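Peer 1: Sharing a structure below in structure tokens format, with a few things to ask.
The values are calculated or read from the model by the stated rules, or taken from the named source; none is laboratory data. Model, not experiment: these values are computed from the prediction. Heads up, the Cβs are rebuilt from the backbone with ideal geometry, glycines too, and the neighbour counts pull from every protein chain shown.
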């Protein structure tokens, strides 16, 4: 069995590229291995998943591995923390409009502490002091407002999502990545930052994708089920449950062992 994996890119350029790549994915299908009622388009989803995997193997993973090889781990951790810290503002906004004010205060406190004492977010002092990151986005907000997730689908380049969460990606990209990118007025520099973020976020997932490849009999269904459980837990606000499940839609959750992946011993 070919082992497949996918990952998410959250930039404006990736959105346009993903839509164009849909035309290249074709109409080929693969047999359904592990049917899930939330995945009525599984055959076509697996075809797009295979396309994403081929692109990853040919382009994104080698570049990420080269970046990891030439960049010391402390530097990579610092850069990853800075990007995650920038995302705290959008998480704060979503927690606020969801009515989860305790989460909103926690997130804003994290942002202020890490942006100042943590030197722009380079050091995640908030997590070191027990204030864990609460990942939030507009897809979760729509779920809290009562909108059902809809069917699971795999988008070219962008990866696994649902109809609701895919719609939520539009404001996520515009207000999060695109929004902070507009603070940089030089177009070439801004585009370089976008590209660098893609590489850095893919590098952060090297361990987890290798782990899934080595342990999951069917990576597609494993990632799909983990994603759906994670998103449902986020909408319910069950933090303890959500923290135990990897979120392959995002780059923030990188499990370090099989137990974190939810794989039976």
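Peer 1: Here are some residues: 6, 11. Which one is under 18 Å from residue 219 (Cβ atoms), touching a helix residue (DSSP H, G or I) at 6+ places or on another chain (Cβ under 6 Å) and either modelled with pLDDT of 95 or more or crowded, with 20+ Cβ neighbours inside 10 Å (or both)?
Peer 2: Within the list 6, 11, the selection yields 6.
Peer 1: Which condition breaks for residue 88 when tested against (1) out of contact with any helix residue (DSSP H, G or I) (no Cβ under 6 Å at 6 or more places or on another chain); (2) modelled with pLDDT of 95 or more?
Peer 2: (1)
Peer 1: Between a residue in the stretch 220-235 that is more than 13 Å from residue 149 (Cβ to Cβ) and any residue that is assigned to a helix (DSSP H, G or I), which pairs come within a Cβ distance under 7 Å, given they are 6 or more apart or on different chains?
Peer 2: Listed by first residue and then by second, the contacts come to 220/46; 220/49; 222/212; 223/212.
Peer 1: Go through (1) more than 26 Å from residue 235 (Cβ to Cβ); (2) surrounded by 12 or more Cβ atoms within 10 Å (Cβ to Cβ); (3) out of contact with any helix residue (DSSP H, G or I) (no Cβ under 6 Å at 6 or more places or on another chain); (4) at pLDDT below 95 for residue 25 and report which single condition fails.
Peer 2: Single failed check for residue 25: (3).
Peer 1: Inside the stretch 93-208, counting only helices (runs of 4 or more DSSP H) that do not spill past its ends, which hold 1 or more residues that are under 30 Å from residue 220 (Cβ atoms)?
Peer 2: In the stretch 93-208, 138-144, 163-172, 187-204 are the helices (runs of 4 or more DSSP H) which contain 1 or more residues that are under 30 Å from residue 220 (Cβ atoms).
Residues are listed down the side, and each one gets a yes or a no for (1) at pLDDT 95 or above; (2) under 13 Å from the mean Cα position of the chain (by Cα); (3) surrounded by fewer than 18 Cβ atoms within 10 Å (Cβ to Cβ); (4) under 29 Å from residue 39 (Cα atoms):
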| residue | (1), (2), (3), (4) |
| --- | --- |
| 142 | yes, no, no, yes |
| 161 | yes, yes, no, yes |
| 184 | no, no, yes, no |
| 194 | no, no, no, no |
| 208 | no, yes, no, yes |
| 216 | no, no, no, yes |
| 219 | no, no, no, yes |
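Peer 1: Could you tell me which of the residues 169, 132 is under 16 Å from residue 87 (Cβ atoms) and in contact with a strand residue (DSSP E or B) (Cβ under 8 Å, 6 or more places away or on another chain)?
Peer 2: 169
Peer 1: When you go through (1) farther than 17 Å from residue 234 by Cα; (2) out of contact with any helix residue (DSSP H, G or I) (no Cβ under 6 Å at 6 or more places or on another chain); (3) free of Cβ contacts under 8 Å to residues at least 60 places away in the same chain one by one for residue 177, which number turns out not to apply?
Peer 2: (3)
Peer 1: Is it the case that the stretch 69-87 has a residue that's closer than 17 Å to residue 139 by Cβ and crowded, with 17+ Cβ neighbours inside 10 Å?
Peer 2: yes
Peer 1: Please state which of the following conditions residue 37 fails to meet, knowing it meets all the rest: (1) in contact with a helix residue (DSSP H, G or I) (Cβ under 6 Å, 6 or more places away or on another chain); (2) at pLDDT below 95.
Peer 2: (1)
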